[in-house]
Amino acid sequence: MTIDIRPIDPANRAFFAGVVSGLDLGLPLSKEEVAAVHAGMDQFGVLVFHDQKIDDAQQLAFTQSLGDIEHAIGTSLRAANEARLPTTFADVSNLDKNDKPYPRDDRRRLFAIGNRLWHSDSSFKAIPAKYSLLHAISIPSKGGDTQFAYMRAAYDALDEETKEEVEDMVCEHSQMFSRQLIGFTDFTDEERERFKPVLQRMVRTLPATGSKSLYLSSHAGGIVGWPMPEARGYLRDLVERATQREFVYTHKWRVDDLVMWDNRQTMHRARPFPAHEPRDVRRTTLMGVGPTTEQVSA
């Protein structure tokens, strides 16, 4: 079959989510199919693959056909002996190692609630993530949607004065910043060391197209050279501007959906769902090519 990618909202020229047909992710991809997926990501930013009845090994193989993977090490509060999945996967479910939902007051669950804030995956790493691929194994009876915000359109909508101001801006990113926003401050000394802030550019340029995006995230908690209160207020204002309704796509999950997004040009957030119900979604992640601070200003 020929790969076909169609916009979810064809009436909106700036819309950034596409539905893919003609591709079985359980089978090896040809070079042409790999190229088509990359081209689709450059065009849309979010790709939706319905009815992908694949196992973890097939999801991993599909991800690795697109590039080098990022291992999920030290990014959550799950101890190594509590893991349900290997480090090739980020376990973003609400389940413990026995596949039971965490108690409502469990520290690991409370930390993970930070995923309900707008963010870009691994922006708290010196080399942040490129693509994320999330596969739905089981979903709750209600809620649990994932929302995406299009950072290319958000950048384009800025006035020229603001574009000039943010062009060479560098921000500090850390999971401690995002978790503090929801009132989670219970970090051990080891965790504070592990989550030390890293530097990221505010404006990123997509190499394949030359288009620019705002690189925002709840993990961003400071701007280099700015007083903290002023930086926090400025970042909050930009996030509000970048997540207006016209820039947002809400994905309502179905079992066997695989959704893939480009962290360089989108933000996303998970929405609440009943705490006692399982939500088993498994993420593989493609590594970025290098620190964003090495990007030369266009």
Quick one: the Cα spread of region 189-265 along its three principal axes, in angstroms, biggest first?
42, 33, 27
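Sorting check: for 111-117, 81-87, which peptide has the highest mean count of neighbouring beta carbons within 10 Å, and how do the rest follow? Write out the running numbers ahead of the final one.
Working: 111-117: 18.0, 81-87: 13.0.
Put in order of decreasing packing, that is 111-117, 81-87.
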Each residue of region 155-167 in order: what ³J(HN,Hα) in whole Hz does its phi give by Karplus 6.51 cos²θ - 1.76 cosθ + 1.60, θ = phi - 60°, with x for Gly and Pro?
5, 4, 7, 5, 6, 5, 5, 5, 4, 5, 5, 8, 3
Relative packing of 210-216, 136-142, 148-154, 64-70, which averages over residues the other C-beta atoms within 10 Å, highest first
148-154, 210-216, 64-70, 136-142
Under 18 Å from residue 196, Cα to Cα: lysines that are on another chain or at least 8 residues apart
125
Return, for the Cα atoms of the chain, the radius of gyration and Dmax in Å, separated by a comma.
18.5, 56
Looking only at aspartates and glutamates whose Cα falls under 14 Å of residue 142's and that sit 8 or more positions away or on another chain, we get 277, 280
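Report the extension gain between residue 84 and residue 163 in nm, rounded to one decimal, defined as 0.36 nm multiplied by the number of residues separating them, less their alpha carbon distance.
Numbers: separation 79, 0.36 × 79 = 28.44 nm, distance 4.36 nm.
Gain on stretching residue 84 to residue 163: 24.1 nm.
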Which of the lysines could a cross-linker bridge to residue 212, judged by Cα under 18 Å and excluding same-chain residues fewer than eight apart?
130, 163
Rounded if a/c is under 1.5, else prolate if a/b beats b/c, else oblate: with a ≥ b ≥ c from the C-alpha gyration tensor eigenvalues square-rooted, which is region 28-173?
oblate
Going residue by residue through region 125-134, the Karplus relation 6.51 cos²θ - 1.76 cosθ + 1.60 with θ = phi - 60° gives ³J(HN,Hα) values, rounded to whole Hz and with x marking Gly or Pro, of 9, 4, 10, x, 5, 8, 9, 10, 10, 10
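Given the DSSP H assignment, sum -39500 (n - 2.57) over each helix run of at least 4 residues in the chain and divide by its residue total; what's the result at 222 nm in deg cm²/dmol, nearest 500?
Details: 8 runs with 72 residues, N = 298.
Result for the chain, helices only: -7000 deg cm²/dmol.
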Using 5 Å bins from zero, what percent of all Cα-Cα pairs in region 95-144 falls into each bin?
4, 14, 16, 27, 21, 13, 4, 0
The chain - accessible surface per residue (Å², probe 1.4 Å)
47
Please identify, among 204, 192, 78, the residue showing maximal mean-square fluctuation in a Gaussian network model of the chain using a 10 angstrom Cα cutoff.
192
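The values are calculated or read from the model by the stated rules, or taken from the named source; none is laboratory data. Being a predicted model, the structure only gives us computed values, none of them experimental. Note that each Cβ is placed from the backbone with ideal geometry, even for glycine, and that neighbours are counted across all protein chains shown. Side chains are part of the model used for accessible areas, which takes the heavy atoms of the whole protein and leaves out ligands, DNA and RNA. Shrake-Rupley method; radii C 1.70, N 1.55, O 1.52, S 1.80 Å.
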